[in-house]
Amino acid sequence: MLNLAKMLIIFMYLTSICCCYFVSSQSVSPQNTPSQDTSQDIWYTYEEPIEGLKLHDTYTLKDGTLMIWMTFDDEEDPSCMLPYFHLRLIEKTGQITYINLNYTFPPEAVCPINMTFIPLSYNYIMVIYVKSNNGVKGKYGLIINYDSEIISEIYLGNVNDYIIDSGRLEKGFIRIEEHDKKGIAAWHWLSIPDITIGKVVELGSGKFSVPNLLSYTFVNSFNFSLIDGGIGYAYILKYDEMGSSATNDPNIQYWKIYVSFIREGTYLPTTPSLVYQTTTKLNSIVFNSCTYNNGVGYICIVSLNNTITNRNQSRTEVNYYRLEFLTTGAFIQFDMIPKEISNTSDNFDLSSLIYGGFLVRKYYTNTTAMDFYILDNNGNYKSGGSFGPEFVLYNMFPRNGTLLGIKRQTGNKLEFLLKPLLRLNNQGAEYDNPVIESTKPAVNEVIDSSINEITIKYGIPVRLSTANISIFQLNGDPYKPNLLRQTISGNSKLCTVGSDNHTVHIPIFSSTFNQPNSSYHVVVDNNFVISQERNEPLLGIIKKTWMISTSNTFFF
């Protein structure tokens, strides 16, 4: 067993390009950076105190917390694991929370592995797993807290249902049932657990319905989270030549893509909007991913499978495209991804970066190595790097643009490598938000407790929206929630946008900063403001980023 008293870690904030990482705890330790790595790369080691636990997966939170899922392997069957749940939460302060659940999961959940988890809100996690009830398999959720206590178990639905978070943990999660042959899929929006008894309630429900188009059949769907706490749902439709009268009309659109959106509070899907159609007789269209594009909508990577005939010879090729659209349903662009990106590896993904440009990650069949590079908004190469074959698992902290690679486990030791990505736009680095120019008070400023206003200046013209700005007082106990001192909705009419259309003014209640010599942080929710130009929600400021403190003097 590991002697924890002998362990020391130093996690430090990355400066310049990377704004985070960890500062001190017990089971993590720094290493000297290998000579081939840049000075901005950070190595660290985690030592697991329970013998025999192996790395299974990781999950990253927007506040910089890394969740490490550890499991006991089933020595008789590598597709199975022992029926227990162990999770480690490493915060960017270095504090580690160990969750060791005293619960035995049913065989259907662990052999083969039909189990995962999602964070719900502060101090709550839901373990999602399959179990049988009277011979019928279903999907269940076991809600637990950070103290390894079981709060409740809930029935989630059919084993094929999708369970996704809403894009903002405090807004609950969404269950989408498997669609029927006509493409109709029921959805259910569920709350976060009640803070006292952990009860989950249904907030809204409805159905995604395919546009009723004659001569078109539903092929498939794809769902993705929105940053303002909602979901997007894409429908793929194909022209039914067999069911239509024969025609040589060159204007027939053989494939169509529609998108619909559900927002928290309304719980009603928008009317599906057409974002792509083609006269080409493709073999298939497949969605690979959809990511937020920082105030200008969403980017989805789609693959088009096409058979090309030339001189009585046929060949099939797959090309990848970048489909961009707004949550209003407006189409932006549809561009082919250069073949030098998509055709030089067995698998790749492309995602938008908060600080501008795109990240390309390339994976290969015969090795666990991964190459990556940064492109600007025009597709030009800007920088790149790689992880060698000794790395077996990857993740990313998208908010501050840091890649994480994990080496193959040795005994109880896990080695991590953090690689901060090039920022094409370094504005707002201290807020992890490139659309923010400045705030008053500034980060880490000492303020007069009688202050009656704070301001945020954005780099683009904005309008107020429906989400909140909140101020919390730190309570000194890292395991308990901070004290909420005030919260205001953007559309409450208390907040105002200045004549420059860039500066938001937020009033401060007289009781908010009434504790001298105390620390506070301001949390700005995504969708507190929207861009004037595109009406798209903008990112906010996550907890413990905009830190301020009151002076020792208290004014009555």
Exercise. Quick one: is residue 298 in contact with a helix residue (DSSP H, G or I) (Cβ under 7 Å, 6 or more places away or on another chain), under 30 Å from residue 386 (Cβ atoms) and among the hydroxyl-bearing types (Ser, Thr, Tyr)?
Worked result: no
Seminar exercise, completed: Over segment 103-148, the set of residues under 17 Å from residue 161 (Cβ atoms), under 23 Å from the mean Cα position of the chain (by Cα) and outside any strand (DSSP E or B) is 114
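Among the residues of segment 180-190, is any touching a residue at least 60 places away in the same chain (Cβ under 8 Å), closer than 17 Å to residue 266 by Cα and assigned to a strand (DSSP E or B)? Walk me through it before giving the result.
As a first pass, look at segment 180-190 and keep what is touching a residue at least 60 places away in the same chain (Cβ under 8 Å): 187, 189.
Filter once more, keeping what is closer than 17 Å to residue 266 by Cα: 187, 189.
Still in the list and also assigned to a strand (DSSP E or B): 187, 189.
Yes; the residues of segment 180-190 include at least one that is touching a residue at least 60 places away in the same chain (Cβ under 8 Å), closer than 17 Å to residue 266 by Cα and assigned to a strand (DSSP E or B).
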Exercise. Can you find even one residue in segment 390-407 that is at pLDDT 90 or above and surrounded by fewer than 16 Cβ atoms within 10 Å (Cβ to Cβ)?
Worked result: yes
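So for segment 479-490 (the condition being aromatic (Phe, Trp, Tyr) and within 16 Å of residue 540 (Cβ to Cβ)), does at least one residue qualify? Step through it out loud before you land on a result.
Initially, segment 479-490 is screened for residues aromatic (Phe, Trp, Tyr), giving 479.
With within 16 Å of residue 540 (Cβ to Cβ) added as a condition, the list becomes none.
Taking every residue of segment 479-490 in turn, none turns out to be aromatic (Phe, Trp, Tyr) and within 16 Å of residue 540 (Cβ to Cβ).
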Exercise. Within segment 113-131, can you find the residues that are farther than 15 Å from residue 69 by Cα and at pLDDT 95 or above?
Worked result: 130, 131
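Residues of segment 507-519 being out of contact with any Ser or Thr (no Cβ under 7 Å at 6 or more places or on another chain) and of a type outside the set (Gly, Ala, Ser), which ones?
Step one: filter segment 507-519 for residues out of contact with any Ser or Thr (no Cβ under 7 Å at 6 or more places or on another chain), giving 507-512.
The answer is 507, 508, 509, 512.
When you go through 278, 327 one by one, which is the residue that is under 25 Å from residue 349 (Cβ atoms), modelled with pLDDT of 90 or more, of a type outside the set (A, V, I, L, M) and crowded, with 21+ Cβ neighbours inside 10 Å?
Working: 278 fails: crowded, with 21+ Cβ neighbours inside 10 Å.
When all the criteria are applied, what remains is 327.
Picking from 334, 358, which residue would you name as being buried (at least 18 other Cβ atoms within 10 Å of the Cβ) and either in contact with a His (Cβ under 7 Å, 6 or more places away or on another chain) or of a type in the set (Phe, Trp, Tyr) (or both)?
On the way: 334 fails: buried (at least 18 other Cβ atoms within 10 Å of the Cβ).
Being buried (at least 18 other Cβ atoms within 10 Å of the Cβ) and either in contact with a His (Cβ under 7 Å, 6 or more places away or on another chain) or of a type in the set (Phe, Trp, Tyr) (or both) holds for just one of 334, 358, which is 358.
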Exercise. Listed residues 301, 252; which is within 26 Å of residue 354 (Cα to Cα), at pLDDT below 95 and of a type outside the set (Phe, Trp, Tyr)?
Worked result: 301
Problem set entry | Filter result (in contact with a Pro (Cβ under 7 Å, 6 or more places away or on another chain), of a type in the set (S, T, N, Q) and within 17 Å of residue 545 (Cβ to Cβ)) within segment 395-429 | 402, 427
Seminar exercise, completed: The lone condition residue 84 fails out of (1) closer than 23 Å to residue 46 by Cβ; (2) touching a Pro at 6+ places or on another chain (Cβ under 8 Å); (3) outside any strand (DSSP E or B) is (2)
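Consider residue 151 carefully, then state whether it is of a type in the set (Val, Ile, Thr), in a strand (DSSP E or B) and more than 30 Å from residue 413 (Cβ to Cβ).
yes
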Exercise. Looking at segment 254-332, what strands (runs of 3 or more DSSP E) fall wholly within it and have at least 2 residues that are under 24 Å from residue 362 (Cβ atoms)?
Worked result: 284-292, 298-310, 313-325
For this session: With respect to residue 228, determine if the residue is buried (at least 17 other Cβ atoms within 10 Å of the Cβ), in a loop (DSSP other than H, G, I, E, B) and among the acidic types (Asp, Glu).
Result: yes
Exercise. Is it the case that some residue within segment 509-524 is surrounded by fewer than 16 Cβ atoms within 10 Å (Cβ to Cβ) and under 30 Å from the mean Cα position of the chain (by Cα)?
Worked result: no
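Of all residues in segment 456-481, which are among the hydroxyl-bearing types (Ser, Thr, Tyr) and either in contact with a helix residue (DSSP H, G or I) (Cβ under 7 Å, 6 or more places away or on another chain) or surrounded by 16 or more Cβ atoms within 10 Å (Cβ to Cβ) (or both)?
Residues of segment 456-481 that are among the hydroxyl-bearing types (Ser, Thr, Tyr), as a first pass: 458, 465-466, 470, 479.
Answer for segment 456-481, where residues must be among the hydroxyl-bearing types (Ser, Thr, Tyr) and either in contact with a helix residue (DSSP H, G or I) (Cβ under 7 Å, 6 or more places away or on another chain) or surrounded by 16 or more Cβ atoms within 10 Å (Cβ to Cβ) (or both): 458, 465, 466, 470.
Please enumerate the residues belonging to segment 383-440 that are among the polar types (S, T, N, Q) and within 24 Å of residue 526 (Cβ to Cβ). Give the derivation first.
First, the residues of segment 383-440 that are among the polar types (S, T, N, Q): 383, 386, 395, 400, 402, 409-410, 412, 425-427, 433, 438-439.
Across segment 383-440, the qualifying residues are 395, 400, 402, 425, 426, 427, 433, 438, 439.
If the requirement is being without any contact (Cβ under 8 Å) to a residue 12 or more places away in the chain and not polar (S, T, N, Q), which of these qualifies: 440, 457, 480? Explain how you work it out, then say what you get.
Values: 440 fails: without any contact (Cβ under 8 Å) to a residue 12 or more places away in the chain; 457 fails: without any contact (Cβ under 8 Å) to a residue 12 or more places away in the chain.
Of the residues listed, the single one that is without any contact (Cβ under 8 Å) to a residue 12 or more places away in the chain and not polar (S, T, N, Q) is 480.
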Exercise. What single numbered condition from (1) farther than 26 Å from residue 191 by Cα; (2) in contact with a helix residue (DSSP H, G or I) (Cβ under 7 Å, 6 or more places away or on another chain); (3) not hydrophobic (A, V, I, L, M, F, W, C) fails to hold for residue 238?
Worked result: (2)
Seminar exercise, completed: Counting only residues that are crowded, with 18+ Cβ neighbours inside 10 Å and in contact with a helix residue (DSSP H, G or I) (Cβ under 7 Å, 6 or more places away or on another chain), segment 57-108 contains a total of 2
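In segment 483-506, which residues are farther than 13 Å from residue 523 by Cα and surrounded by fewer than 16 Cβ atoms within 10 Å (Cβ to Cβ)?
Across segment 483-506, the qualifying residues are 491, 492, 493, 494, 496, 498, 499, 500, 501, 505.
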For this session: Pairs only if they're at least six apart or on different chains, beta carbon under 6 angstrom, first in segment 112-127 and under 20 Å from residue 159 (Cα atoms), second of a type in the set (D, E, K, R); list them, first residue then second.
Result: 118/165
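Which residue, of 314, 351, is touching a strand residue (DSSP E or B) at 6+ places or on another chain (Cβ under 7 Å), polar (S, T, N, Q) and closer than 14 Å to residue 379 by Cα? Break it down stepwise before answering.
Working: 314 fails: closer than 14 Å to residue 379 by Cα.
None of the other options fit; the residue is 351.
Being crowded, with 20+ Cβ neighbours inside 10 Å, in contact (Cβ under 8 Å) with a residue 24 or more places away in the chain, over 26 Å from residue 531 (Cα atoms) and of a type outside the set (D, E, K, R) is the requirement here; does residue 261 meet it? Before the answer, list the steps.
Details: crowded, with 20+ Cβ neighbours inside 10 Å: yes; in contact (Cβ under 8 Å) with a residue 24 or more places away in the chain: yes; over 26 Å from residue 531 (Cα atoms): no; of a type outside the set (D, E, K, R): yes.
No.
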Exercise. Does residue 355 satisfy the criteria of being of a type in the set (Ser, Thr, Tyr) and more than 18 Å from the chain's Cα centre (by Cα)?
Worked result: no
Exercise. What single numbered condition from (1) within 25 Å of the chain's Cα centre (by Cα); (2) not in a strand (DSSP E or B) fails to hold for residue 340?
Worked result: (1)
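The values are calculated or read from the model by the stated rules, or taken from the named source; none is laboratory data. Bear in mind that the values here come from a model prediction, so they are computed numbers and not experimental data. Here Cβ is always computed from backbone atoms with ideal geometry, including for glycine, and neighbour counts include all displayed protein chains.
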